[in-house]
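Q: The structure is given below, and queries will be raised subsequently.
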Amino acid sequence: AQSVTQPDIHITVSEGASLELRCNYSYGATPYLFWYVQSPGQGLQLLLKYFSGDTLVQGIKGFEAEFKRSQSSFNLRKPSVHWSDAAEYFCAVGGSNTGNQFYFGTGTSLTVIP
Amino acid sequence: DGGITQSPKYLFRKEGQNVTLSCEQNLNHDAMYWYRQDPGQGLRLIYYSQIVNDFQKGDIAEGYSVSREKKESFPLTVTSAQKNPTAFYLCASSIRVNGANVLTFGAGSRLTVL
């Protein structure tokens, strides 16, 4: 069965520090992987996606993620966090085997300390 | 600008009442979705529709109903049979990009049962 695990419920980092949010997935075929960001009371915005090819993908707002098939991971990174990055982050998996369905992790809440 | 419009943003309901949440998109996307979001539980799929006049139940469809009479519209009715309807509801649509679907979200509707 398809599933996504985000092990960290909440992370706190200082402004300017680097960030890594973890995501592990379970999927029987080649996954399509996504990271979304959600500000309080808002919808989700797509940060980046991986379909195939280069395993390091770049997204908006300076974020990047690396697909590691051997570890079933798709961790999100940012070299220097800004206060405006404080939000909830969701990892998701979808693919040809899921039809139009997507599977989301439970999210990681990011707090940024000035 | 193209996007997804959800209304109302906030809705209060008395127990025993049905309520309908509106979702309209002008992105010309074929597929549309309804998700429910509760704190710490991520996004759970209620219903999705791949084409007009067709829809499928998701993981938590009990107590909800939908219709898809037009490509642009996918309203969700929360019925009195839904035991715990207080939640944040997200509508999304998707388009196929390079063989995979990418979700675009509305801003959400918060339903509170009094």
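Q: Of all residues in region A:32-51 being more than 8 Å from chain B (Cβ to nearest Cβ) and farther than 17 Å from B:Leu43 by Cβ, which is nearest to the chain's Cα centre (by Cα)?
A: My answer is A:Leu48.
To keep it simple, each residue is scored yes or no on (1) part of a strand (DSSP E or B); (2) without any contact (Cβ under 8 Å) to a residue 24 or more places away in the chain; (3) more than 24 Å from B:Gly16 (Cβ to Cβ); (4) within 13 Å of another protein chain (Cβ to nearest Cβ).
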site	(1), (2), (3), (4)
B:Gln50	yes, yes, yes, yes
B:Ser80	no, no, no, no
B:Lys83	no, yes, no, no
B:Tyr89	yes, no, no, yes
B:Asn101	yes, no, yes, yes
B:Thr104	yes, no, yes, yes
B:Arg110	yes, no, no, yes
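Q: A follow-up question, please. Looking at region A:93-102, which of its residues are assigned to a strand (DSSP E or B) and either facing another protein chain (nearest Cβ under 7 Å) or modelled with pLDDT under 90 (or both)?
A: Once the filter is applied, which keeps residues that are assigned to a strand (DSSP E or B) and either facing another protein chain (nearest Cβ under 7 Å) or modelled with pLDDT under 90 (or both), region A:93-102 yields A:Gly94, A:Phe102.
Q: Then there is this: Among the residues of region B:15-26, are any within 13 Å of the chain's Cα centre (by Cα), closer than 25 Å to A:Gln6 by Cα and in contact (Cβ under 8 Å) with a residue 40 or more places away in the chain? Steps first, answer last, please.
A: Step one: list which residues in region B:15-26 are within 13 Å of the chain's Cα centre (by Cα), which gives B:19-25.
Next, from what is left, pick out any that are closer than 25 Å to A:Gln6 by Cα: none.
No, region B:15-26 contains no residue that is within 13 Å of the chain's Cα centre (by Cα), closer than 25 Å to A:Gln6 by Cα and in contact (Cβ under 8 Å) with a residue 40 or more places away in the chain.
Q: Here is a further query. Mind checking whether some residue in region B:9-32 is under 21 Å from A:Trp35 (Cβ atoms), within 12 Å of another protein chain (Cβ to nearest Cβ) and part of a strand (DSSP E or B)?
A: Yes; the residues of region B:9-32 include at least one that is under 21 Å from A:Trp35 (Cβ atoms), within 12 Å of another protein chain (Cβ to nearest Cβ) and part of a strand (DSSP E or B).
Q: Mind checking whether some residue in region B:81-93 is under 17 Å from A:Tyr36 (Cβ atoms) and of a type in the set (Gly, Ala, Ser)?
A: The answer is yes; a qualifying residue exists.
The values are calculated or read from the model by the stated rules, or taken from the named source; none is laboratory data. None of these values were measured; they are calculated from a predicted model. Cβ atoms come from the backbone with ideal geometry, glycine included; neighbour counts cover every protein chain shown.
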